[in-house]
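Data first, discussion second: the structure below is written as structure tokens.
The values are calculated or read from the model by the stated rules, or taken from the named source; none is laboratory data. Treat the numbers as computed from the prediction; the structure is a model and nothing was measured. Every residue, glycine as well, gets a Cβ built from its backbone with ideal geometry; the counts of neighbours run over all protein chains shown.
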Amino acid sequence: MRKEKDDPLKLRKFGKSGKDVSAVGVGAMSFANFYGPTNEENSLAILDAAVAAGVTHIDTANVYGMGRSEDTIGMFLNLRGAATRDGLFIATKASITRGDDGKRIFRNDLEHLETELDKSLSRMGTDHVDLFYVHRRDPGVDIEEVAGTLGELVKKGKIRGIGFSEIAPSSLRRAATEHPVDAVQSEYSLGVRAPELGLVQACKELGTALVAFGPVGRSFLTDTPISPDRIPDLDFLRVNPRFMEPNYSNNIKATDGFRALASDMGLPAASLAVAWVLAQGAHVFAIPGTRSVAHFEELVKGGNVTLDASQLAEIERVLPVGWAYGDRYSAGQWVGPERFS
């Protein structure tokens with residue numbers, strides 16, 4: 001294992017753009033109270049720490065805090081100036097909305113996507129984003145048509161590249177026939193291995209970046225997993241199967257060996273978890289989120305750790321495929337993501 005902690009954070013070629021982007025980015029969902037209360041001062045401190053560490057990739061979405069995450073990024077860019085914006089690779093998403101009856105729906109039409117994109121650009125105070133994802137597919141619209149729609153936004157100069165979140169490999173292949181797809185975002189970690197059943201491979205074949213969210217297993221793959229007393233206050237986790245008993249206690253027990261292994265390697269568990277994700281291919285990127293500057297520094301450290309074959313094998317021994325207790329989503333949370341395995 002090589003720890004290049006004194007070197008700048010590693011960069012990788014990102015998708016079809018070929019742009020150099022930091023292997024580890026900022027998942028800005030945490031700026032919107034998703035994993036607990038935070039504030040602008042704290043979020044700005046994380047963004048400052050990111051820039052100082054050489055992080056260039058910032059990932060957000062219009063629904064994170066209903067614009068709050070993007071507002072915070074916009075505040076940061078306004079405070080830090082044009083030179084900071086020029087050095088960043090900013091991604092956002094749209095398509096999740098509410099119908100007339102108040103129920104959640106997904107819209108992939110140009111009118112909705114462009115309207116929401118314009119709002120995102122206004123919140124962040126920029127004239128373009130480097131990557132724009134369809135957050136969830138509308139199953140009633142062919143994905144080739146959606147890729148073409150995103151291509152129109154590229155032509156208008158409002159976005160530089162297109163992406164999709166939580167789609168199947170077959171959908172990616174279809175979309176790529178209409179327009180080059182720069183990225184697919186999917187949950188991927190030692191606890192969520194489904195992308196290895198075709199998505200990792202399809203992204204590599206097509207020159208598409210695989211952007212891994214949740215690389216530290218929603219805290220299970222860290223030294224300080226979310227405590228059970230906090231779970232009832234977190235809307236997403238309190239109904240998530242992996243955080244319900246007895247699954248929660250079983251998952252803590254299952255990951256104890258991983259924490260011990262990381263300690264033996266001289267690393268925080270979060271660093272090792274991120275390093276493992278990045279070891280799955282040069283086209284893989286990680287966008288962990290956090291409300292803590294200290295924890296962010298652990299996450300970024302994983303971007304400069306190179307694991308050898310024996311260490312990867314030891315990690316697999318400690319956390320073999322299928323170790324996790326409970327599905328990664330509840331029935332309601334599964335509405336939208338495409339299952340392919």
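The rows are residues; the columns are (1) closer than 15 Å to Ala324 by Cβ; (2) in contact with a Ser or Thr (Cβ under 9 Å, 6 or more places away or on another chain).
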residue	(1), (2)
Glu245	yes, no
Asn250	yes, no
Ala260	no, no
Pro268	no, yes
Ser271	no, no
Trp276	yes, yes
Ala279	no, yes
Ala282	no, no
Phe285	no, yes
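Within the set Leu210, Leu206, Leu267, Leu234, the sole residue that is touching a His at 6+ places or on another chain (Cβ under 7 Å) and either of a type outside the set (Ser, Thr, Tyr) or within 28 Å of Gly281 (Cβ to Cβ) (or both) turns out to be Leu210. Within the stretch 268-313, which residues are at pLDDT below 95 and basic (Lys, Arg)? Passing the criteria: only Arg291.
Report, by residue number, each residue of the stretch 202-245 that is of a type in the set (Ser, Thr, Tyr) and either out of contact with any strand residue (DSSP E or B) (no Cβ under 9 Å at 6 or more places or on another chain) or modelled with pLDDT under 95 (or both). The answer is Ser219, Thr222, Thr224, Ser227. Taking the condition of being more than 14 Å from the chain's Cα centre (by Cα), not β-branched (Val, Ile, Thr) and not in a helix (DSSP H, G or I), how many residues in the stretch 176-226 meet it? Total meeting the criteria: 14. Look at the stretch 317-329: where a residue is farther than 14 Å from Ser189 by Cα and touching a residue at least 60 places away in the same chain (Cβ under 8 Å) and a partner is of a type in the set (A, V, I, L, M) and part of a loop (DSSP other than H, G, I, E, B), sitting 6+ places away or on another chain with Cβ atoms under 7 Å, you get Gly326/Met244. Identification of helices (runs of 4 or more DSSP H) wholly contained in the stretch 241-301 with 2 or more residues that are on the phi < 0 side of the Ramachandran plot and basic (Lys, Arg) yields 247-264.
For the stretch 154-175, a residue qualifies if it is within 17 Å of Lys93 (Cα to Cα), of a type in the set (A, V, I, L, M, F, W, C) and within 17 Å of the chain's Cα centre (by Cα), and the qualifying residues are Ile162, Phe164, Ile167.
For the stretch 120-171, a residue qualifies if it is more than 24 Å from Arg80 (Cα to Cα), assigned to a strand (DSSP E or B) and in contact (Cβ under 8 Å) with a residue 40 or more places away in the chain, and the qualifying residues are Tyr133, Val134, Gly163, Ser165. Filtering Ala94, Ala53, Ala83, Ala49 for residues that are without any contact (Cβ under 8 Å) to a residue 40 or more places away in the chain and of a type outside the set (D, E, K, R) leaves a single hit, Ala83.
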